[in-house]
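The values are calculated or read from the model by the stated rules, or taken from the named source; none is laboratory data. Here the structure is a predicted model, which is why all the values come from computation and not from measurement. Cβ coordinates were reconstructed from backbone atoms using ideal geometry, including for glycine residues, and neighbour counts include every protein chain displayed. These area figures cover heavy atoms from the full protein model, side chains too; ligands, DNA and RNA do not enter into them. Shrake-Rupley method; radii C 1.70, N 1.55, O 1.52, S 1.80 Å.
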Amino acid sequence: MNLKELPFSMKPVGWFQIAWSGEIPAGEVKPLRYFGEDLVAFRGEDGELRLMNAHCHHMGAHLGHGGKVKGNCVTCPYHGWVWNGEGKNVEIPYQENTINKRIKTWHVTEQHGCVFMWHDPTGSAPRWELPHMFDSFREFSDRDESEFYPIYPHGTRRWPNEPVHPQITFENSVDSMHFRYVHDSPLDPMLLEMDIRENDSVFRTLFGFKSVRTNNIEMTFDTRTSGVGCSFNVFKGAYNYRVLFSATPIDDETSELFNTIWWERKDGEAGDMPLVIQERIKNEILTTVDEDLLVWRHQKYVDRPMLAKQDVKAFNMLRKWQAGFYDLPPAEQVD
Amino acid sequence: MALIKFISVNGDVREVNADSGSNLMQVALDNGIDEILGECGGSCSCATCHCYIAEDWLAKSGTPDEIEQEMLECALDPAKNSRLACQVNISNELDGMVVHLPESQY
């Protein structure tokens, strides 16, 4: 897909996944690049993750390549200048005074083993909260994180460099007929419910799969899409796994896609994911995005699609809602 | 059955018989009214069956729902009496209705 032809930019406002917590242990740094910015993430010895622009104000070295964590700060690999998590220069080893110019920092949040950054071109603080894979679904399926195998590393996969706009990927959340053709689904899921909630930050759908044998709905899945960045999917019934799918702009032409699977433990089992489940997730579950990408990579965006009758309401509602995540005025300061 | 009078921009009048239970887009396509394209086939998703209902027939032709209203905003030169023909159901009540056609759908 040629993203330059799209009527919306690669600078949407919202929460976007950038890593899994397990990738950045305490005392380590990781270079990142999203929204056209070189970034560095580092976890201090206090366990807290920090995210800021990557280049040292001194000579422009990249703090994520060779920088070292010192306490809760990061040290530049070039001349040892030390920067704290607020982007403040706290030490220049060979002179007494420090400089006042700050490095730009970004809001990050970590929940259920995933790392998300808040992106807002106006620099406003987070305007809404992200759904939570467990807390947000209590009414639908009250299972705790402890009832699932650890996600990292076996339940995770990333597609680091795709010519795909995040917004397109979330059209799946209202698209009942693509399952049959893209994913070889034996059944067509039925859209049972659809609403917009959490102060307009979440688009929620409930799909049901009917059994061919009994004609009853044997499995449902509840999807919460947060802005144009992440969708949280909880399956209930024959299978009870959970899926986080995220898409994050790298620059104006490419995105990184993330997939995370929470697979239900067998009763009373502890420890890491058994090998046989690892293989199954790798070969059967974490391949669905490959199937979608066959379409997304080569798709030409249709601004006014010729929709089938059953899709008109849902697609129009979704696209209208998605358009609200671009070019927002600065958030009003609450005094 | 209803007699529908289509009037082109240049003033040409074409009268056609329409079956009750059909919709105005289908009637136009069946009778070679080329100004109505109806590309999506009547799903209310393309706005290429845009037309103007004569004022005195507007009430009888029904009220656009929310989706149709949104689609009409994308039509070329929408007016107060704009409708998508695929959403106008034909009934005997519409016998004699006058429909003005747009110059273009794009």
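How far apart, in nm, are two points set 7 Å out from the Cα along the Cα-to-Cβ line at A:LEU328 and at B:ALA54?
Distance between the two pseudo-spin positions: 5.1 nm.
Among the aspartates and glutamates, select those whose C-alpha is under 19 Å from the C-alpha of A:LYS30, and discard any that sit fewer than 8 residues away in the same chain.
Once the sequence-local aspartates and glutamates are set aside, what remains near A:LYS30 is A:ASP38, A:GLU45, A:ASP46, A:GLU48, A:GLU86, A:GLU110, A:ASP251, A:GLU256.
Among the lysines, select those whose C-alpha is under 22 Å from the C-alpha of A:LYS4, and discard any that sit fewer than 8 residues away in the same chain.
Cα-Cα hits under 22 Å: A:LYS300, A:LYS320.
If the cut-off is a Cα-Cα distance under 18 Å, which lysines reach B:LYS5, setting aside same-chain residues fewer than 8 apart in sequence?
Within the straight-line limit of under 18 Å, B:LYS5 reaches these lysines: B:LYS60.
In nm², what is the average projected area of the convex hull enclosing the Cα atoms of the protein assembly as shown?
Here the figure is 28.4 nm², rounded to one decimal.
Could you run the numbers on buried accessible area between B and A, total for both chains, 1.4 angstrom probe, in Å² to the nearest 100?
Chain pair B/A: roughly 900 Å² of buried accessible area.
Under 8 Å for C-alpha pairs, at least 6 residues apart: give me the relative contact order for chain B, rounded to a whole percent.
Reported relative contact order: 43 percent.
For the range A:173-237, with equal point scatterers placed on the C-alpha atoms only and solvent neglected, what are the log10 I(q)/I(0) values from the Debye formula at q = 0.21 1/Å, to two decimals?
-0.87
So if R0 is 60 Å, what FRET efficiency would A:ALA26 and B:VAL13 give, r being the distance between their Cβ atoms, rounded to the nearest 0.05?
0.15
Sorted from largest down, give the three principal axis spans of the alpha carbons of the range A:122-162, whole angstrom values.
Each principal axis gives a Cα extent; for the range A:122-162 these are 40, 31, 15 Å.
How much space per residue, in cubic angstrom, does the convex hull of the C-alpha atoms of the range A:135-325 take up?
Expressed per residue, the convex hull around the Cα atoms of the range A:135-325 is 138 Å³.
Counting only protein heavy atoms, what percent of the accessible surface of the range A:138-204 is carbon or sulfur at a 1.4 Å probe?
That share works out to 45 percent.
Loop only by DSSP, 14 or fewer other Cβ within 10 Å of the Cβ. Give me the trypsin sites (Lys or Arg not before Pro) in the range B:29-106 that pass, ordered by residue number.
B:LYS80
Tell me, how many Å apart are the Cα centres for the range A:60-82 and for the range B:1-69?
That distance is 69 Å.
Which residues among the range A:75-92 fall inside the zone where the amide N is under 20 Å from a point 7 Å beyond the Cα of A:MET59, along Cα→Cβ?
Inside the label zone: A:75-84, A:89-92.
Could you provide, to the nearest whole Å², the per residue accessible area of the range B:2-100 with probe 1.4 Å?
Per residue, the range B:2-100 has an accessible area of 47 Å².
Shape of the range A:10-109 from its Cα gyration tensor (a ≥ b ≥ c, root eigenvalues): rounded if a/c is under 1.5, otherwise prolate when a/b > b/c, or oblate?
Judged from the Cα gyration tensor, the range A:10-109 comes out prolate (a/c at least 1.5, a/b above b/c).
Angle, helix A:312-322 long axis vs. longest principal axis of chain A, Cα atoms, 0 to 90°, nearest 10?
Tilt relative to chain A: about 10 degrees.
Quick one: grab the alpha carbon gyration tensor of the range A:193-301, order the square roots of its eigenvalues as a ≥ b ≥ c, and give me rounded if a/c is under 1.5, else prolate or oblate depending on whether a/b is larger than b/c.
Verdict is oblate for the range A:193-301.
Sum -39500 (n - 2.57) across every DSSP H segment of at least 4 residues in the protein assembly as shown, then divide by the residue count to get the 222 nm mean residue ellipticity, nearest 500.
-3000 deg cm²/dmol
Once a ≥ b ≥ c are taken as the square roots of the eigenvalues of the Cα gyration tensor of the range B:2-100, is the result rounded (a/c under 1.5), prolate (a/b larger than b/c) or oblate (a/b not larger than b/c)?
Since a/c stays below 1.5, the shape of the range B:2-100 is classed as rounded.
Taking θ as phi - 60°, what are the ³J(HN,Hα) couplings along the range A:131-146 by the Karplus curve (6.51, -1.76, 1.60), each to the nearest whole Hz, with x for Gly and Pro?
x, 10, 4, 10, 4, 7, 10, 3, 5, 7, 7, 8, 10, 9, 4, 5
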